[in-house]
Structures are given as structure tokens and as C-alpha cells.
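Report on the following structure.
Read the figures in this text as sums done on the coordinates, not as results from a lab. Since we're looking at a predicted model, the values are computed, not measured. Here Cβ is always computed from backbone atoms with ideal geometry, including for glycine, and neighbour counts include all displayed protein chains.
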Amino acid sequence: ICVITVTNNLTRPLQSLTHAVEKLGQGDLSVNLNNIATNDEIGQLSQSFNKMTVELRKHVEELKKQYDARDAVENELRIARSIQSSLIPTTFPAFPEYEQFDLYAINAPASHVAGDFFDFFLLDSHRLFIVIADVSGKGIGPALLMAVSRTHIRNLAAKGEGPAAILSQLNNLLIQEREQPMFITVFVAEYNISDGQLCYANGGHVIPFLLNAEGDVQHFGEPTGTIVGMLEDAQYEQEEITLNQAETIVLYTDGILEARLVDGGFFG
């Protein structure tokens, strides 16, 4: 009887501990060992087990709060991305009634929202306005500056301002409105559909390419001024070229230049 009693007193706590560990392993964090009141090593182990489950529950609750907060932020970013996407033309062909030209554009941000953007719109029946720009940085701030810059450019173009004047006025507007030192590189151009003349101004943006009918590639559109939104009263010039039939201009942002191969090298 003594042996059985001692054995039960030894094995019953171990069985309870084993059962509790199994339940914990199955994900039940509410498990607790309240039926072991001994002061020996098994009792100390059960107390440590109870403390561990309490800490695990706290840790899981904290993680849940963090995941909920992250989901809320990601949901806001998705909404911001949706709003930003609505500001960028997505319908192609954009002007099917015009047979004199064709255009296509795509924006694929590295994160949910970014500062790169493009825009194009008709000023009248024979003039097309084209914009491509890159706001410094990534995230919500550059995305907001992108939306503001797009609005300013459209308003200035609607008033009849030329490419150089648009960059000069945009530069002053951004400096007046900025709360943080952010800038934008931007290429704006006014294309005459009738005669193929392209009048442009380049505010520190990457240099575009011109492809001729034979497939030869060359740079065109060197910067005609500095980055926009950084230096007060910065001056911008504008240049002109004539696009012949079957010639193509390629505009892009530095995301193309910064893309890397698997081994870390640049594409070139």
C-alpha cells in the first residue's frame, strides 16, 4: 500500500504535467497546472510551466495587436495605392481617334505607394501634353507630393504655360508649400500632333531615348534645368525636336537604371 501510494504521488503530477504539455503543444494556451501543490522539483516545474503559459498568452496577445496594427497600415496603404493609381492613366489605346501617334505607359512601384508617376492629356485637338516624374523617396510622403505636382502641372498647362514656364512655376510652388526637404525630377513635353514638333523641358530627370525607324537608339532631352522643388527661383530652358514618322521616344524613371541582376550587377 505504501509503495502504491508513493508511486501514485510521484506519477500523478508527472501525468498531469505530460497532459498539460500535450495540450500546450496543440495550441491550448489556457492550460494550467493548479493540482500540483508539492514543494519538490515537480512542484517547481509546474510553477515554471504556469508562468510560461502566462507569458506565452501575453506574447501572443501582443503579437496579435502588432499584426492587427500592421494589417490596418497595409489596408491604408492599399487604399492609398488605389487612389494613386486612379490619378495615373490606365486606358490604352488612350486616344484611338488619333492615327498620327500612339503611346503606352506603365507604373510598377517597388512598394505599395511611391513617387514615380506619368501623365498625358490633350490640350486641344492638335496638342498633346506629356509628363513623367520621380519624387525623391518612397512611401506616403512622396505619393502625396506626386499628387500635388500632378495637379499643379495640369493647372499650369491648362493656362497655356509652356514646358519651361511650368517647371519654373512648379519649382516655386513646391518650395512654398513644402514642410520637408523633398524634390522631384520631371520631364514635361508638349507634342504638336499636326507637325510632329516636340517642345520639352527637363528638370533634372534621367535622359530619355529616341528610336528612329531603323531601330537606332540615341539619347535626347538633356536636362534643361536642375531638380524641381529644391532651389528658389531656379531657371529652366526648353528645347525642341521634330519626331518623324515611325520614330519613338522612350521616357522612364531611375527605377529602370537601379534594377539589378540576380548577382547584384546592373543590367546596363
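So the values come out like this:
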| quantity | calculated |
| --- | --- |
| Cα gyration tensor, the range 164-268 - rounded (a/c under 1.5), prolate or oblate | oblate |
| Cα-based Rg of the range 202-247 normalised by 2.2 N^0.38 Å, two decimals | 1.44 |
| Highest average packing first - 230-243, 165-178, Cβ atoms within 10 Å | 165-178, 230-243 |
| Euclidean distance of C-alpha centroids, the range 116-146 and the range 190-263, integer Å | 14 |
| Sequence ranges 186-199, 204-217, 54-67, ranked by mean other-Cβ count within 10 angstrom, highest first | 186-199, 204-217, 54-67 |
| Cα→Cβ-extended label distance, 7 Å offset, between GLU55 and ALA165, nm | 7.1 |
